[in-house]
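Just so it is clear, none of the values below were taken in a lab; they were calculated from the coordinates. Quantities reported herein were computed from a predicted structural model and do not represent experimental measurements. Cβ placement follows ideal geometry from the backbone for every residue including glycine, while neighbour counts extend to all protein chains displayed.
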2 protein chains.
Amino acid sequence: MSNVENKKAAIIGGGVIGGGWAARFLLNGWDVAVFDPDPQAERKIGEVIENARRSLPALYDRALPAEGKLTFHQDMKSAVSDAAWIQESVPEQLALKHKILAQIQEHAPTDCLIGSSTSGFKPSELQEGSSNPGQIMVAHPFNPVYLLPLIEVVPSSATDASVVEAGCETLRSVGLKPLVVRKEIDAHIADRLLEAVWREGLWLVHDEVATTEEIDDAIRFGFGLRWAQMGLFETYRIAGGEAGMEHFIGQFGPALKWPWTKLMDVPELTPELTARIAQQSDDQSGHMSIRALERLRDDNLVGMMRALKKSGSGAGGTINTHEASLPTASNLDDLPVTVDRQIPQSWTDYNGHMNEAHYVEVSAQASDRFMEMIGADADYIAAGSSYFTVENHVCYLEEIKVGDRITVTTQVIRGEGKKLHLFHRLTKADGAIAATIETLLLHVDLKTRRTSEPGSMVATNLGEIAKLHSGLPKPEQLGRAIG
Amino acid sequence: MSNVENKKAAIIGGGVIGGGWAARFLLNGWDVAVFDPDPQAERKIGEVIENARRSLPALYDRALPAEGKLTFHQDMKSAVSDAAWIQESVPEQLALKHKILAQIQEHAPTDCLIGSSTSGFKPSELQEGSSNPGQIMVAHPFNPVYLLPLIEVVPSSATDASVVEAGCETLRSVGLKPLVVRKEIDAHIADRLLEAVWREGLWLVHDEVATTEEIDDAIRFGFGLRWAQMGLFETYRIAGGEAGMEHFIGQFGPALKWPWTKLMDVPELTPELTARIAQQSDDQSGHMSIRALERLRDDNLVGMMRALKKSGSGAGGTINTHEASLPTASNLDDLPVTVDRQIPQSWTDYNGHMNEAHYVEVSAQASDRFMEMIGADADYIAAGSSYFTVENHVCYLEEIKVGDRITVTTQVIRGEGKKLHLFHRLTKADGAIAATIETLLLHVDLKTRRTSEPGSMVATNLGEIAKLHSGLPKPEQLGRAIG
């Protein structure tokens, strides 16, 4: 069936979804042939692929294969011939889909796989009137298709199990996560859940309870973060505690009879349904204790929220604001304290200690704080000047573990002209020096990207601290070379 | 009203939610007094606080204030006296909440704020029969309370606006994101959305369409990731493209009449409702173009999914699996290629180039790959031996920008006994060397954490490569010292 050796995909219907499919295949080394009568198709798909090029490879710590060849076709025949995978993404009208699927099957290899991006139609509906129905499946993606891994694969009774497996193998080979929907239903699984929230959300706007922004905030500052890593049931399993899912359902089951949604026709929580949910939850998560699940959840939440600090979106913005309100430390051993922090789990590695890169992350934070202290702050940088690090020498003296509190002091070795030569000491709570980082920075004009003299205020501030530190003993590790 | 200078909180009702509140206040420097008749309360709250200590501080790149004092009380009076914030988290029974709130108000300062963790009751319901109703608000948190920022603050008509503002100020001071719900409604906002999905999900299990695990997968591999950073409406605004929200609603509005959920009583999309949604969406996101929103979304998704690679949860697991299937590079200039990758946006900093720490992250990946090549792989490490980096010297020669493709070659300088002395060159696509990292690693027994001799296979493999490289010219930057 779908032969992963033959890497040609045909994309029928461009737009955001078709373009996402094109990008996903193309960036995974497939040749992609597009057929879309829209005269804007080439531009639209090009824009999606441009987005994909800057983000999809960034997921990986290895390079993706060389891009395949992208072609645009004026006729269905040349687009689909020799294709191993054909993806239909035309508008959500059954008659139109029937027409397009018939055109595809007229010219497509009989053993290729035809996926439909339909959000709502059942595969048996798509297959109506087809001479080769077993070739057609639902393969429903999620926008942006080039990043989100989920694909709902929905076969009908006319679809052979081997076809489904071959299709899933192809999807996995381009980095997707196929979820086989075992029972046909309108809107499959994910869109039923999405649609439930959409409908409830529309009521909230309709009834003037909340605005679109308030609804988005209610999601992204709270349960959206939980769902991104565990979903609904595993989250509730944790909420149930050691007593498990049956306990949770016993606790929150009564609310099903309360007017908490517009939908009041809810399933009755019979002992049989409760037991089924509990058993499925055990099958899903029973290999981990609640305590272990809590830690996994917390580590995931911390990791994702730390990622959101970068853009300041949602929870990341809340953390940035709170962080700015936290007190900064003062002096230690006549040196300014430039970092005072706890080590997150995400900074540790397979050796069970903080990874070498994060020593330099801490050192970079110390240099940033020192720059602030001499006036080379965000405004100064926005005005076009900054310091670039040109050389670092790191001595790793002691292991640092998750949860350790680390303090960094910064000594100026030389601070005049374009040169900023600093020496950072990372100290643990017990007073042991865990690492030293000798670092050389040069003052830079951000427009020319060349070295330049610092502004007079920065030069003066730096000079004062340099003078203050000039009498201090030279650090033992200063000027050290390896070997 | 609630005076943030007085940092004493009383937690009435422990458990997972009360414990989460206790941890949130405690770790932000507040004294916390707990009243809960459950003899297990101290143990249960202690477990929640233990979880919080390892995760909440990890969100920040600054230390939190010193922890407050935690006390457990046998009577309501001593728990609530002098408190600035009292949080009620007893079970979801209105009569019980009335009884407890009356006891609290009997002993509490009249100007303190009493928040209720209720998931469903309206504040006016909680205030029934109270002599000081304006003191009571809904302050509905989300589990884990010590990590998730969202708090739904729901006042009633009996609540003064100044009380709401003071309450929000207190909540923000412990890192929370208060969302003021302007119109009382059963289950507030977030739980209405959660409950809609819960009810639809229960139907899917009931009708044997999907298991709990399949439903969780349908969430966490797809829309859960979108929602964690933008929520529902802003995501759909992007899907609507440059044509905006009205276009999106026009496109997907018809599905509201289709049987995509069990809930079929949906609001009619009148021109007025459509215009209201479009206007609110403009107010919310209109300051950014669709293209800018797409990039923000993609950068957030990449950041969160890269964070999930660490645990392998959800999308992180899919990426790890796909990454392992990607081809690894071979030799370049007689040296093994140990890294071949693209630079993600999240690795760049305020100077518009790759931050210094990530040069070392790349170098660490190169050392990891080299260790694999000589047999010091995951199995070897699991068996109790590894290499630890003890010294690094980094020369930053050229800026690296987002999207740049980087190749690293690794030259063995010395590889015998416990010592592994490597020299990594980071090369850009144009052939320019962007950085060199001289690194010294020592072989370590992971049990004793002391240096040890490598296994014979590793020693042999390393010796062969060292011999091969012994004839190569010494790198210019070798043995370099700063200054």
>> Antiparallel versus total DSSP beta bridges in chain B: what percent is that, nearest 5?
In response: 65 percent
>> Taking beta carbons within 10 Å but only from partner chains, what does the mean come to for residues B:170-183?
In response: 4
>> Relative contact order of chain B, please, whole-number percent, based on alpha carbon pairs below 8 angstrom and at least 6 residues apart.
In response: 8 percent
>> Taking the beta-carbon count within 10 Å as an exposure proxy, list B:Ser162, B:Ser117 from fewest neighbours to most.
In response: B:Ser162, B:Ser117
> Considering only the other residues whose Cβ falls under 13 Å of the Cβ of A:Glu208, what net charge follows from Lys and Arg at +1 and Asp and Glu at -1?
Replying inline: -1
> Peptide B:349-362: average number of partner chain Cβ atoms within 10 Å per residue?
Replying inline: 6
> Stokes-Einstein at 20 °C, 1.002 mPa s, Kirkwood radius from Cα pairs: D for chain B in µm² s⁻¹?
Replying inline: 79 µm²/s
>> Please give me the summed charge of the neighbours of A:Ser78: other residues whose Cβ is under 14 Å from its Cβ, Lys and Arg +1, Asp and Glu -1.
In response: -2
> Measuring from a point 7 Å out along Cα→Cβ, what nm distances, shortest first, does B:His287 have to its partners in the other copies?
Replying inline: 4.6
>> Averaged across A:244-253, how many Cβ atoms of other chains sit within 10 Å of each residue's Cβ atom?
In response: 1
>> What number results when the radius of gyration of segment A:8-180, computed over Cα atoms, is divided by 2.2 N^0.38 Å?
In response: 0.95
>> Treating segment B:191-296 as a set of equal point scatterers at the Cα positions, no solvent, please give the Debye-formula log₁₀ I(q)/I(0) at q = 0.10, 0.24 Å⁻¹.
In response: -0.36, -1.34
> Could you put B:Ile86, A:Ile238 in order, starting from the residue whose Cβ has the fewest other Cβ atoms within 10 Å?
Replying inline: A:Ile238, B:Ile86
>> List the trypsin sites (Lys or Arg not before Pro) within segment B:67-105 that DSSP assigns to loop and that have no more than 16 neighbouring Cβ atoms inside 10 Å.
In response: B:Lys69
> By average Cβ neighbour count within 10 Å, what is the ranking of B:24-37, B:446-459 from highest down?
Replying inline: B:24-37, B:446-459
> When the helix-only estimate is applied to the protein assembly as shown (DSSP H runs of n ≥ 4, each -39,500 (n - 2.57), divided by the residue count), what is the mean residue ellipticity at 222 nm, nearest 500 deg cm²/dmol?
Replying inline: -12500 deg cm²/dmol
> Quick one: Cα centre-to-centre distance for segment B:83-99 and segment B:313-380, in angstrom?
Replying inline: 52 Å
> How big is the antiparallel share of DSSP beta bridges in the protein assembly as shown, given as a percent to the nearest 5?
Replying inline: 65 percent
> Considering only the label points, 7 Å along Cα→Cβ from Cα, what distances in nm to one decimal separate B:Gln93 from the same position in each other copy, shortest first?
Replying inline: 5.9
>> Of all beta bridges DSSP finds with both residues in segment B:8-180, what is the antiparallel percent, to the nearest 5?
In response: 15 percent
> When all C-alpha to C-alpha distances in the protein assembly as shown are sorted into bins of 10 Å, what percent of pairs does each bin hold, rounded to whole numbers?
Replying inline: 2, 11, 19, 22, 20, 15, 8, 2, 0
>> Relative contact order for segment A:8-180: what percent, with Cα pairs under 8 Å and sequence separation of 6 or more?
In response: 22 percent
> For segment A:327-469, what is the Kirkwood estimate of the hydrodynamic radius, computed as the reciprocal of the mean inverse distance between distinct Cα atoms, to one decimal in Å?
Replying inline: 15.7 Å
> Tally Lys/Arg at +1 and Asp/Glu at -1 over every other residue whose Cβ is under 9 Å from the Cβ of B:Thr410; what's the total?
Replying inline: +2
>> Past 21 Å, Cα to Cα: identify those pairs from B:Lys419/B:Lys447; A:Lys7/A:Lys97; A:Lys418/A:Lys467; A:Lys428/B:Lys418, in the order given.
In response: A:Lys7/A:Lys97; A:Lys428/B:Lys418
> Put a point 7 Å out from Cα along the line to Cβ at A:Leu472; what are the distances to that point in the other copies, in nm, shortest first?
Replying inline: 3.8
> Any idea how far the Cα center of segment A:195-242 sits from the one of segment B:396-448, in Å?
Replying inline: 45 Å
